[in-house]
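Student: First, the structure itself, so that you have it in front of you.
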């Protein structure tokens, strides 16, 4: 039964890897991959010496780190709060509301964010009505505001979805541990810190490894929707840079070289985070 999946993975994940050699060739659509001239690490050197290198690295790491700092513990805290809800109907309602943004595409959700942050949008209207500001704030045209907008909108979209694994892990915790803790006089906070969090630490370690591995890659859909000419210097990340150089400008070899660099760094981050998070959990994550 697994053969169809294995065949599809080979066809669409492994066979296309042959095309990665164009990063080491001077390839154009007029040539075949085999006939293109070898240029070695030329495009890697061009990328490292490009003035855009430091800009896209700063934006990519900055936005991704803030998403990790805010979103990772936020999902754990939300999962704990949902788990502590007593009424099952209200619990399911909260779960549904928190999951809902995940199923909206960035085209829809990004449009909502842009509308809310416009001059006549909900945010500016509320601030003006409360007499906190005198005139509308140009959120989307201010490069200094982009990181906060990108981080908060991404957390809002994904925080509910990210609680699923933690809630599933919490169901495996023995209820008798909580009963014994109550008998011993443990407070709710002590039950959370000494039973709930240690009970899901393996899942926390696993999700942390996956999150750190994705630090070098930012959400392309979000960037393309929220980016404009005025916040470009704060919004251009590696994924959007690869898209711009490869798809829009047709420089496929250069874009592939940047993509390989991104994949190698991601692999290194996964290995390092796996080594580090094994100290958090007594069990091997993988």
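Student: Test of understanding: what is the full-extension gain from residue 201 to residue 2, defined as 0.36 nm times their sequence separation minus their Cα-Cα distance? Can you show the working numbers first?
Tutor: Numbers: separation 199, 0.36 × 199 = 71.64 nm, distance 3.10 nm.
Taking residue 201 through residue 2 to full extension adds about 68.5 nm, to one decimal.
Student: Can you tell me the orientation of helix 143-158 relative to the chain, as the angle in degrees between its alpha-carbon axis and the longest Cα principal axis, to the nearest 10?
Tutor: The angle comes out at about 60 degrees.
Student: Give me the number: length gained by fully extending residue 267 to residue 228, i.e. 0.36 nm times residue separation minus the C-alpha to C-alpha distance, one decimal in nm.
Tutor: So the chain would gain 11.0 nm between residue 267 and residue 228.
Student: Still on this structure: Just order 147-154, 233-240, 32-39 by mean Cβ neighbour count inside 10 Å, highest at the front, would you?
Tutor: Descending mean neighbour count gives 233-240, 147-154, 32-39.
Student: I need the shape label for segment 1-88. Rule: rounded when a/c is under 1.5, else prolate if a/b > b/c, else oblate, with a, b, c from the alpha carbon gyration tensor. List each step's numbers first, then the result.
Tutor: Values: a/c = 5.74, a/b = 1.58, b/c = 3.62.
The shape class here is oblate.
Student: Let me ask something else. Normalised by the residues of the chain, what does the relative contact order come to in percent, with Cα pairs under 8 Å and at least six apart? Walk me through the numbers on the way to the answer.
Tutor: Values: 294 pairs, mean separation 77.5, N = 286.
After rounding, I find 27 percent.
Student: Percentage of Cα-Cα pair distances in segment 51-277 greater than 33 Å, rounded to whole percent?
Tutor: 31
Student: Explain nothing, just the number: relative contact order of segment 155-286, from Cα pairs under 8 Å at least 6 residues apart, as a whole percent.
Tutor: After rounding, I find 27 percent.
Student: With a 10 Å radius around each residue's Cβ, average the other Cβ atoms per peptide and rank 138-145, 69-76, highest first.
Tutor: Per-residue Cβ counts within 10 Å, averaged per peptide and sorted highest first, yield 69-76, 138-145.
Student: Pairing the Cα long axis of helix 252-277 with the longest principal axis of the chain, what angle in degrees results, from 0 to 90 and rounded to the nearest 10?
Tutor: The angle comes out at about 30 degrees.
Student: What ranking, highest mean first, results for peptides 208-214, 171-177, 269-275 when packing means the other Cβ atoms within 10 Å averaged over each residue?
Tutor: Sorting 208-214, 171-177, 269-275 by mean packing, highest first, produces 208-214, 269-275, 171-177.
Student: Given the rule -39500 (n - 2.57) for each run of at least 4 DSSP H residues, summed and divided by the residues of the chain, what is its mean residue ellipticity at 222 nm, to the nearest 500 deg cm²/dmol?
Tutor: Calculated at 222 nm, the ellipticity per residue is -18500 deg cm²/dmol.
Coordinate-derived values only; no laboratory data. Just so you know, these numbers come straight off a predicted model, no measurement behind them. Backbone-built Cβ (ideal geometry, glycine too); neighbour counts: all protein chains shown.
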